[in-house]
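Before any comments, here is the structure.
The values are calculated or read from the model by the stated rules, or taken from the named source; none is laboratory data. Owing to the predicted nature of the structure, the values given are computational and were not obtained by experimental measurement. Ideal geometry is used to build each Cβ from the backbone, glycine not excepted, and the neighbour counts take in all protein chains shown. Side chains are part of the model used for accessible areas, which takes the heavy atoms of the whole protein and leaves out ligands, DNA and RNA. Shrake-Rupley method; radii C 1.70, N 1.55, O 1.52, S 1.80 Å.
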Amino acid sequence: MQQVEHFLDANADRFVDELTEFLRIPSVSADPAYAGDVRKAAEFTRDRLVDAGLTAELIETDGHPIVYGEWLQAADAPTAMVYGHYDVQPADPIDQWISPPFEPTVRDGRIYARGATDDKGQMFTHVKSVEAWLKSVGKLPVNVKFVIEGEEEVGSGNLDVFLANNKEKVACDIAVVSDTSQYAPSMPAITYGLRGILACEVTLNGPSQDLHSGMFGGSVANPANALARLMATLHDEQGRVQIPGFYDGVVPLSEEERKRLANLPFDEASYLKGLGVSATFGEEGYTTLERRWARPTCDINGIFGGYTGAGPKTIVPASATAKISCRLVPNQDPHALTEALRKHLESNCPTGVTMEFSAYHGGDALVFATDSPWMNAAAVAIERSFGTAPVLIREGGSIPVVTTFRDLLGVDTLLLGWGQDTDNLHSPNERFSLDDFAKGIRASAYLWDELGR
Ligand code: BES
Ligand code: MN
Ligand code: MN
């Protein structure tokens, strides 16, 4: 282990240089204009796995390629599968970045770039820890497989097909994912629960083209007015979701879990300040952490239609659209609830407009046992690197493939986030602390050691 530690110290700067090069590649999976760059990021990932001493390849899909790598020479030792993603969210709104999103810049010990924490920087920690073992000791205490995809930010449409067709290839004892957050600076965490998701889009159509609102307004239904009324049916005044059946079967929080969450330090004033809001809002009877991690939601992600440029323009728009996503908790079925949402919208759709509905993607919520030997090994590894034992948390975001690992491969996932929830993922000025990067690499190196025992 000393050789590994020495290698990590001696190569720390090079690791940052490589991460910088990785972050320069604008691998935005949502936008077809970046398809070539998405492929470059896949090739970069594969090449770094090969440098580290693994065999690695690109696996073509109907969308962006999957990077697969492995080192399987630890006889009788368990096999860990690292999952992560090399694709990133779009950089918009671009004018709010202090330094350009694909020109990584270090300020105050943090590297700023799209993908810095989500997920290039976090995923890269495992590539570097494996390299450290193989280049210093010459072998790893465990077998490792890497499955790094390029479509996570667009719903992982081709990953499940690959996993289902390659069950043997991806068979493992435990999955390891660094794509979540620590609880706070110097408070590393193991995440034992994630929310599920469903995402869809609804468009209301009216006249065949925009109309002069003075000449025609008042005589035909306005799709934007209708959409506003329809969206208002989604919640009551307290923010309770009004889709029929939405809360059916929702697993309530146990008293024990409520106590555990209540024991985490939480300063509401600094939470509000950090988010730039003056008050919390949400379902009555639940704390902020409960609302974020363990209660379901329905959010309009974007709403548009008619004239959205500068100055006034007096029209009745031809159509209006809303993008909607729901965050789900255990025992809510994304497919059934997508149908329930569609029916709710249909039955509440104002007269005079027609509705189009399309579903995007979905994924189940999940909660893992907190007392498995895998969790214990991860807790020890994290404490060895960060100097403090991790706290157990749930998170509100979604990583749908983790459900596939459970259902298809029968394995738990260790969600070991090295980021911070102030790292601006999906937002302008995304960043990753270089200290968290270094500690994440080290914790990963210790994890292989602990899993090998
Ligand atoms: N890394 C996030 C998920 C995440 C973020 C989990 C913070 C926990 C805390 C991931 O890249 C992501 O953005 N997931 C999407 C999933 C969707 C596109 C299916 C999400 O949660 O919106
Ligand atoms: Mn991610
Ligand atoms: Mn993301």
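Multiplying the sequence separation of Arg260 and Arg107 by 0.36 nm and subtracting their Cα-Cα distance, what value in nm do you get?
Values: separation 153, 0.36 × 153 = 55.08 nm, distance 3.53 nm.
Using 0.36 nm per residue and subtracting the Cα-Cα distance, I get 51.5 nm.
Just by accessible area at a 1.4 angstrom probe, what is the order of Arg229, Arg114, Arg46, Arg24 from largest to smallest? Don't skip to the end; give the middle numbers.
On the way: Arg229 165, Arg114 0, Arg46 65, Arg24 130 Å².
Descending order: Arg229, Arg24, Arg46, Arg114.
Over the alpha carbons of the stretch 407-453, what is the largest minus smallest coordinate on each principal axis, giving the biggest first in Å?
39, 28, 10
At 7 Å along Cα-to-Cβ for each site, give me the label-to-label distance between Thr314 and Ser358 in nm.
Here the modelled spin labels are 3.5 nm apart.
FRET efficiency for Asp9 and Glu383, Cβ-Cβ distance as r, R0 = 22 Å, nearest 0.05? Display every interim value, and only then the final one.
Details: r = 19 Å, r/R0 = 0.88.
Rounded to the nearest 0.05, the efficiency is 0.70.
Subtract the Cα-Cα distance of Ile300 and Glu339 from 0.36 nm times their separation in residues, and report this length gain in nm to one decimal. Write out the running numbers ahead of the final one.
Working: separation 39, 0.36 × 39 = 14.04 nm, distance 1.70 nm.
The span from Ile300 to Glu339 would gain 12.3 nm if fully extended.
Among the lysines in the chain, how many pairs, 8 or more places apart or on different chains, have alpha carbons under 15 Å apart? If you can, show how the numbers build up before the last one.
Values: Lys40/Lys120; Lys120/Lys128; Lys128/Lys139; Lys128/Lys145; Lys128/Lys439; Lys145/Lys167; Lys145/Lys169.
Lysine pairs satisfying the spacing and distance rule in the chain number 7.
Contact order normalised by length for the chain, with contacts defined as Cα pairs under 8 Å and 6 or more residues apart; what percent is it? Show your work: numbers first, answer last.
On the way: 938 pairs, mean separation 115.6, N = 453.
Rounded, it is 26 percent for the chain.
For the chain, what % of the accessible area comes from carbon and sulfur atoms, probe 1.4 Å? Provide the component values of the computation, followed by the final result.
Details: 9540 of 19680 Å².
Ligands and nucleic acids excluded, carbon and sulfur give 48 percent.
What whole-number value in cubic angstrom gives the convex hull volume per residue for the C-alpha atoms of the chain?
Working: hull volume 70.0 nm³, N = 453.
Dividing the Cα hull volume of the chain by its residue count gives 154 Å³.
Taking the Cα atoms of the stretch 1-112, report the difference between the largest and smallest coordinate on each principal axis, in whole Å and largest first.
Over the stretch 1-112, Cα extents along the principal axes are 52, 41, 19 Å.
With runs of 4+ DSSP H residues as the only contributors, calculate the mean residue ellipticity of the chain at 222 nm using -39,500 (n - 2.57) per run, divided by the residue total and rounded to the nearest 500. Each step should come with its number before you reach the end.
On the way: 13 runs with 156 residues, N = 453.
Mean residue ellipticity at 222 nm (helix-derived): -10500 deg cm²/dmol.
Ranked by accessible surface with a 1.4 Å probe, highest first, in what order do Asp108, Asp92, Asp87 come? Provide the component values of the computation, followed by the final result.
Details: Asp108 140, Asp92 105, Asp87 0 Å².
Final ranking, largest accessible area leading: Asp108, Asp92, Asp87.
For Met123, Met187, what's the largest-to-smallest order of accessible area, 1.4 Å probe?
Values: Met123 5, Met187 50 Å².
Greatest to least solvent exposure: Met187, Met123.
What's the FRET efficiency of Ala164 with Val220 using the Cβ-Cβ distance as r and R₀ = 60 Å, to the nearest 0.05? Can you show the working numbers first?
Working: r = 49 Å, r/R0 = 0.82.
Approximately 0.75, to the nearest 0.05.
Sort 300-312, 364-376 by packing, meaning the average of other beta carbons within 10 Å per residue, with the highest value first.
Details: 300-312: 11.1, 364-376: 17.0.
Result, highest mean first: 364-376, 300-312.
Given labels modelled 7 Å from the Cα in the Cβ direction, how far is it in nm from Leu272 to Ile59?
Result for the modelled spin labels: 4.9 nm.
What figure in square angstrom, to the nearest 10, would you give for the accessible area of Arg110 with a 1.4 Å probe?
Counting only protein heavy atoms, Arg110 exposes about 80 Å² to solvent.
Rounded to the nearest 5, what % of DSSP beta bridges with both residues in the stretch 46-185 are antiparallel?
Values: 13 of 24 bridges.
That works out to approximately 55 percent antiparallel.
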